[in-house]
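What follows draws every value from the coordinates through simple rules; no lab data is involved. The shown structure was predicted, so the numbers you read here are calculated from the model rather than taken from an experiment. Cβ sites come from the backbone with ideal geometry, for glycine too, and all protein chains shown count toward neighbours.
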Amino acid sequence: MKAIIIGCGIAGPAMALALQKVGVQAVIYEAREVPDDTEGAFLGISPNGLNILKEYIALDEILIDYTPGKIRFFNARNKAIGVIDNAEQRSRYGSETVQVKRGLVNGALRRAAQRAGIPIEFGKRLVSIAQPEGAVTVSFADGSTAEGDLLIGCDGIHSAVRRAILPNAPEPEYTGLLSTGGFTRLDELALPADAIRMTFGERGFFAYAVSTQGEIWWFNNIAQKTAPQRHELSQSELAVLKKRLVALHKNDPEPIVSIIERAHTIEIYPIYDIPFLDQWHQGRVCLIGDAARATAPHIGQGASLALEDTLVLAQCIRDLADLQAAFARFQSLRQARVQAIIQQARKVGDSKTVPNRFQQFFRDLLLPFFVKLEARKMDWVYGYRVDWHKKLI
C-alpha cells in the first residue's frame, strides 16, 4: 500500500517511519515552502513519548541542548511551595522527562525519514480530498495532485485534513490562556539549571530554566479573553509585548523582569484544545495527534501522545483486515486515554489563572500535597508502552 501523509512536523515523519515497519510506503506533503528547524520554541517530552521516539531516532541527536524535567514551584513572594522530582523516572520507565527545542526534534525525524528513503515534498498546501473507489486523491494549491491507498492527517490543531473530511466537526476552542515564550541570555544565569522554576506570580504565571548550552528558556501564561492571530512579531510589536510582560511581572521575583527585558526572541501562542470528536477517520483517511484531538500544553503531553499514535496506528494497519477496521480499532485503543489527559491538562491550566488572596493562601498551603498526589497519578501516563510484538487479532 501507498500512504499519503499530510504534515512534516513531529507526527508526520514518525508516522511514515512507523508505516515502513509494516510494509506501507509513504510520501510526506508539507505546506511550508522549506523546512525551518529554528521555528517554534520548546516542548516537553515525557518517558512515554521518549520511549517511542527511540524507535525512530537516537536520542543523542536531540539531547544536544535541553533543560531538565524536574520542576520547582514558587509563589509571588519567592517562597518555595512545591517540587516535582523526576529522579526515579529513568529507572522506572527507561527515560526521563526533558524539555527540548521543537526544531531539533522536527529536524531529527525529518532526516531519519529521508535516510529511510521516504520522499518529502514541500510547498504542498492541501486544497481538497477525494475518495474514489479503492483510493484517496488530494489536490494542492500549486495545482498538483497525489494518489494513494490511504491518507493520514498529521497537520496539527488547525488541520486542513480534518476540515476536508469532517466539515461539520467542531473547531478548536481557545482556552482563555495566552502563552508567550522565548529565549534569553544573562551572564548571571549561564550554568545549566537542575530544574524548571515555575512562579505563580502576582498577575501571571512564569517559568524558566537554563539549558545545557547556557540559554534561558522561558514561558508565561496570561488570562486573556480573545486569542490574537499568530504571526512573526515586528520590532515595534516585540517592544510593546515586552513592555506588557514587564508590567505584568513587575512585582514578581527577579530575575523574571530581566529575563523578559533581555529576551532576544519571543513568540505568542494562544492555547487551544479541541472538543471531543466522535470520529477521527472517514473512509480511507485518518487523523492522528493534534489533528484528531489537541491537548493544552500544561502537562507536556502533546508530542508524546502524537508519537504514541504513530506506533499504535501502524500496528492496527498491520493486524486488521481492512482500513476501516484498522482506523476504528485505532480510535478505540486511543480515545479514552487521550480524553483523560486532555481533561487533566485543562485542570492544570485552570490552576494558572490568578486567584484572590484567600485562594492563594490555600493554594500555597496545599500545593506540596497536590503535586505529590498528581505525580503518583501520572504513572499511568508515563508508563504507557506499545507492545509491538503483540497481535491485535
Surface/4 of the Cα convex hull for the range 175-269, nm²
6.2 nm²
When only alpha-carbon atoms are used, what values of Rg and Dmax, in angstrom, describe the range 18-128?
17.9, 58
Nothing charged except the Cβ atoms of Lys and Arg (+1) and of Asp and Glu (-1): what's the magnitude of the dipole of the range 175-269 about its Cα centre? Round to the nearest 20 debye.
380 debye
Tell me the mean residue ellipticity at 222 nm calculated for the chain from its helices only (DSSP H runs of n ≥ 4, each -39500 (n - 2.57), averaged over every residue, nearest 500).
-10500 deg cm²/dmol
For LEU63, list long-range residues whose amide hydrogen, built 1.01 Å from N in the peptide plane, is under 5 Å from its own amide hydrogen.
none
Most positive-pole-ward Cα, THR212, GLN229, GLY201, against dipole of the range 193-234 from beta carbon charges:
GLN229
Among (i) 130; (ii) 175; (iii) 140, the entry that matches volume of the Cα convex hull per residue in Å³ as calculated here
(iii)
So if R0 is 25 Å, what FRET efficiency would GLN324 and LYS390 give, r being the distance between their Cβ atoms, rounded to the nearest 0.05?
0.70
Here the range 53-70 yields Karplus 3J(HN,Hα) values (6.51, -1.76, 1.60; θ = phi - 60°; whole Hz; Gly and Pro given as x) of 4, 4, 5, 10, 9, 7, 4, 4, 5, 9, 8, 9, 7, 7, 10, x, x, 5
Taking amide H positions as placed 1.01 Å from N in the peptide plane, with prolines and chain starts having none, which residues 5 or more places from PHE205, or on another chain, fall under 5 Å of its amide H?
ASN221
Ordering of 165-175, 72-82, 144-154 by packing [mean C-beta count within 10 Å, highest first]
144-154, 72-82, 165-175
Rounded to whole Å, give me the distance from the Cα center of the range 148-208 to that of the range 68-93.
21 Å
Using only the alpha-carbon atoms of the range 68-216, report the extent along each of the three principal axes, biggest first, to the nearest angstrom.
64, 39, 34
Taking neighbour Cβ counts within 10 Å as the exposure measure, how do PHE140, PHE200, PHE206, PHE276 sort from fewest upward?
PHE276, PHE140, PHE200, PHE206
